[in-house]
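Rule-based calculations on the coordinates, nothing more; no lab input. Everything numeric in this text was worked out from a predicted model, so none of it was measured. Backbone-built Cβ (ideal geometry, glycine too); neighbour counts: all protein chains shown.
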Amino acid sequence: MSSVVTEPLTENTGTGEQERLPVLLRLLLSNEFGLLALIVVAAAIFATALPGFTSPFSLFTLSRQIGIDTMIGLAMMAVIVSGGLDLSVGAIGASSAMAFGYFAERLGLPLAAAIPFTLALGALLGGINGAVVVRSGVHSFIITLASMSIFFGVMIYLTKAQAFNGLPADVTAFGRMKVLGSVSALLVVTLAVCGGLTVLYRLTRLGREILAAGANPRAAELSGVPVGRTVIICHMLTGALAALAGLMLTARTGAAVPSMAGHLGQDWLLPAFLAPVLGGTLLTGGRVSVIGTLLGATFVTVITSGLLLMRVSEFWVQAFLGFMLLAAVLIDRARHTILKARGMV
Amino acid sequence: MDKRFGMQLLDNDWAGPALISLAAILVISALQPSFLTPFNILVLLSAIAVNMVIALGQLVIVGVGQMNLALGSLGGLVGVCFVGAIEVLGVPTPLAVLMGLSIGVLAGMANGYVIARTGISAFIITLASLQIFKGINLGITKAQPFYGVPDVVKQFGNTAVIGPIPWLIAPMLIAALGLWYLFRRLRIGRYILSMGGNRQAAELSGIDTVGTVIWAHAISGLLAAAAGMMLVARLQIGQPTIGDDWLISSFAAPVIGGAALSGGHVSVAGTFFGVVIIAIITQALVLFSIDPFVVQIVLGSLILWAVGINRFREWRFAKMATAGA
């Protein structure tokens, strides 16, 4: 595999390598600031050009989509930080959501029990991925390629590809709930998770161990970090967040649908990588940006809905998102080169 | 080497998968006599032909130590462009085939160029191009199939040369022998494998790594295009969903065939038997009327199993090497 630049770039690694740069300059050069500026510009253009863009309904669907796409992005980010990846996020998300349908509709469990069970199942599936990756020493790409096929196959086999349409009314109601005027309650869930993850990576010992193990597994191992256990925890976190994203999609649709993430869950792959990569999470591991992932998903959602409002066919929007991923990694690459040439990294 | 000939044979990448294929054929035909009827063999060989070309498209990239997620979406794009050119633009069929293959090569070269020049991982670049090719495909077709497949193409995809041997085997043979020759005899094949084996060493010994990566992706694109058009011939329709389900099987067959996913080590014959195993299992599930979705579970398990076997062989070779030294 070709290598991606491995140096941590900004303050988020928590290692303080950027101390010699002035705070303001660091902020202006960060991915997050660039994204924020892009979002503001894009939103301003769409808001003036497209009257429907700022309607309460549009703002509601926008915030709902940002909530879901960010959660999918966070799920992938949680494993990218370990230097691996998880192709099975979509399969885990769909499988967990279907399990939720089974718990809540068929078994009639209260939501207070069904939701934790669902998240635990997601974590379990992720944990299986992580354990196999660690025990076999094979790259997570091939392990999760296999498990995406297995998880999805088992789910379709068990559910006979039938949706759960009779979920408790609370689920649909939550999907429609608005706070502060027209903001979707789903976005609030996502913001809460963003807060939790920020605390995890910045303030806890486990978070520091995850970052250290992702940046340099050998060095981390030598300094006493249990790298194998850390990798498994990353995969479990990915599984739980994917399950949560599946639940949020279920709340939006009002039903648990087996095809919610496409064939084998492949439809989640692009949003899963687009948001973290736009947000500056390094694919080689060791650096995360929770806020960057949130902003990345926001940018993608704003652009997508703007284009759709301009009556661009959704198919061409798909192609456009591919170009956007390409542009994001190329710009990131160029930024590294420039910063390096000036001796700023 | 004082080992017995039989043991040497078993050390080949393809020996294990070949034995399993044979055993599977024996067991299934004993349980279900209709398995070996000429018609069923024709169907089986057609599936093997298409899936082998798909697997070879991934094998080249695995050889250079990368991965190509865009294989399926490029195959689908070429498939609909091929039929679209004939139906809408009235392009003669041979010219349309040529055009389809050129699209594949050019798109593959574009992938290879971006990967090699930027050094960004092939995973992320081909994820982006997967989305781009799929978007263009759906933008052209509006998710509706093209129906204007010429009769000659339909016949090519659904008739036999002799007995139960379908015409589709011809492009498969060309692709397989071509790749085998490429890896064994041609300089570019050696470059691909040495780059996959040890990129830095390859670079230091003066191999043009950028050119090698572009070549590998161009070949992969060519094979994806060929497989896309073969599927059009077999399905008799320009389906925009062609290629959606190539991802898992394109990796499964090379891995079952003993390819190292870290690159540098591939086996065309092993991949062939990997494809055969997958085809037999898929057919068997249909014959015994088992839920077709079980195929997904079996495919995933096969990958894990093959990865385990490959790890074990690596470990054994490493032990033999240290014992010999």
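Cβ-Cβ distance of A:Ser259 and A:Val188, R₀ of 35 Å, FRET efficiency by 1/(1 + (r/R0)^6): the value works out to about 0.80. The three principal axes of the C-alpha atoms in region B:36-243 carry coordinate ranges of 53, 40, 27 Å, sorted with the longest axis first. Between B:Gly308, B:Ser102, B:Leu127, the Cα set farthest toward the positive side of the dipole of chain B (charges on each charged residue's Cβ, about the Cα centre) is that of B:Gly308.
In percent, rounded to a whole number, the relative contact order of region A:11-341 is 34, using alpha-carbon pairs under 8 Å and six or more apart. Across the residues of A:312-321, average count of Cβ atoms on other protein chains within 10 Å? Per residue, the average neighbour count from other chains is 5.
Per-residue mean of foreign Cβ neighbours for B:115-123 is 5 (Cβ atoms of other chains, 10 Å radius). Partners of B:Lys134 within straight-line reach, counting lysines whose Cα lies under 19 Å from its Cα and excluding those fewer than 8 residues away in the same chain: B:Lys142.
In a reduced charge model with +1 at each Lys and Arg Cβ and -1 at each Asp and Glu Cβ, chain A shows a dipole moment near 160 debye about its Cα centre.
Taken along the Cα-to-beta-carbon direction at a fixed 7 Å, the label points for A:Thr61 and A:Tyr157 span 3.9 nm. Oblate is the label for chain A, because the ratio a/c of its alpha-carbon gyration tensor axes (a ≥ b ≥ c) is 1.5 or higher and a/b is not greater than b/c. Relative contact order of region A:246-302, taken over Cα pairs closer than 8 Å and 6 or more residues apart, is 24 percent.
Cα centroids of region A:30-64 and region B:242-267: how far apart, whole angstrom? Measuring centre to centre over Cα atoms gives 42 Å. Ordering A:Leu244, A:Leu121 from the fewest to the most neighbouring beta carbons within 10 Å gives A:Leu121, A:Leu244.
Along chain A, the exposed loop sites are GluC sites (Glu not before Pro) outside DSSP states H, G, I, E and B with at most 15 other Cβ atoms within 10 Å, and the longest stretch free of them is A:20-345. Distance from the Cα centroid of region B:76-142 to that of region A:291-318 is 24 Å (rounded to whole angstrom). Across region A:293-335, the fraction of Cα-Cα pairs farther apart than 15 Å, rounded to a whole number, is 48%.
Which is the longest run of chain A containing none of the trypsin sites (Lys or Arg not before Pro) found in DSSP loop states (not H, G, I, E, B) with at most 15 other C-beta atoms within 10 Å? The segment A:161-310 is the longest one with no such site. For region B:115-183, the set of trypsin sites (Lys or Arg not before Pro) satisfying both a DSSP loop assignment and a count of at most 12 other C-beta atoms within 10 Å is given as B:Lys142.
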